[in-house]
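Data block below; observations after.
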Amino acid sequence: MKGWRLPAKRILALAFWLGVWALLAMAVDRELLLPGPAVVARRLVALAGKASFWRTTAVSLLRIVCGAVLGVAAGTLLAAGTDRYSLLDALFAPLLTVIRATPVASFILLVLIWVGRDILPCVIVFLMVLPVVWANVSAGLRSADERLLEVARVYGFSRWKRTKLIYVPSVAPYFLSACRACLGLAWKSGVAAEVLTVPARSIGRELYEAKLYLDTADLFAWTAVVVLCSLLIENLLDAGFARLGRHRRMGGGES
């Protein structure tokens with residue numbers, strides 16, 4: 001029974017906010033200012049019937065996912081390096097702090113000087129994701145149980161065995177939290193970069209043109225695409241980590 005309650009609550013919450021949206025649209029009574037959910041849904045269905053819609057979505061998705069994957073990989077490796085070598089930590093910590101504090105718009109304009117607008121969103125996503133992953137993975141490494149590490153040293157565990165048995169379980173919750181946080185950040189920063197630089201075949205370009213021509217229904221529809229893509233990737237990520245966790249538990253049980 002408990003497994004059914006959570007989806008039901010989510011559906012009811014979604015229905016509630018759709019109702020609020022519909023009532024506000026009826027109160028405003030101007031589609032230019034606030035189209036209703038039915039209008040946006042019809043426009044989204046119409047867009048989905050075009051091949052150009054899927055090409056545009058796929059290109060933006062590829063840019064953002066590539067930047068996020070590179071940022072996660074670089075952030076994880078950098079966290080391992082700064083945790084092991086204090087000199088690296090002293091060298092990179094101020095830089096990563098500056099990156100986290102700098103507004104996305106500033107980075108977009110600065111990076112645009114050096115790279116083309118077609119790969120700019122990928123670079124921006126990489127820069128936004130990197131410090132978040134580094135901070136979370138570093139915290140996970142620092143939280144490793146010192147007593148377990150001492151036992152590992154006493155019994156002469158290899159570096160790989162210490163990593164597998166102590167560091168990976170310690171870092172895993174922090175890493176998953178970082179990935180979840182980075183998903184929303186990646187989409188926001190990536191689409192913002194596309195809106196400001198309007199590269200060909202991008203969701204950001206469609207948003208910019210919808211705003212330019214006061215096509216509010218298109219603006220809402222493409223925003224819904226961003227939200228749906230982000231939720232889809234988040235669910236796939238959660239499913240992947242859950243499957244990996246079950247695999248590791250089964251492997252531990254067999255050993």
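The values are calculated or read from the model by the stated rules, or taken from the named source; none is laboratory data. Note that the structure is a prediction, hence the values are computed from the model and not measured. No Cβ is skipped: glycine too gets one built from the backbone with ideal geometry, and neighbour counts run over all protein chains shown.
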Residues satisfying the stated conditions in region 56-95, i.e. in contact with a Phe, Trp or Tyr (Cβ under 9 Å, 6 or more places away or on another chain) and aromatic (Phe, Trp, Tyr): Phe92
Whichever residue in region 20-54 is surrounded by 11 or more Cβ atoms within 10 Å (Cβ to Cβ) and charged (D, E, K, R) and, among such residues, is nearest to Trp222 (Cα to Cα): Arg43
Check on Tyr174, in a helix (DSSP H, G or I), over 26 Å from Leu236 (Cβ atoms) and modelled with pLDDT of 85 or more: no
Scan of region 62-75 for residues that are in contact (Cβ under 8 Å) with a residue 40 or more places away in the chain and surrounded by fewer than 20 Cβ atoms within 10 Å (Cβ to Cβ), ordered by number: Val65, Cys66, Leu70, Ala74
Inter-residue pairs, beta-carbon under 7 Å, first touching a residue at least 12 places away in the same chain (Cβ under 8 Å) and in region 218-236, second of a type in the set (Gly, Ala, Ser) and buried (at least 16 other Cβ atoms within 10 Å of the Cβ), 6+ apart: Asp218/Ala210; Leu219/Ala210; Trp222/Ala210
Test: residue in region 200-209 that is modelled with pLDDT of 85 or more, crowded, with 19+ Cβ neighbours inside 10 Å and in contact with a Cys (Cβ under 9 Å, 6 or more places away or on another chain): yes
All positions within region 124-141 that are of a type in the set (Phe, Trp, Tyr) and closer than 13 Å to Leu176 by Cα: Trp134
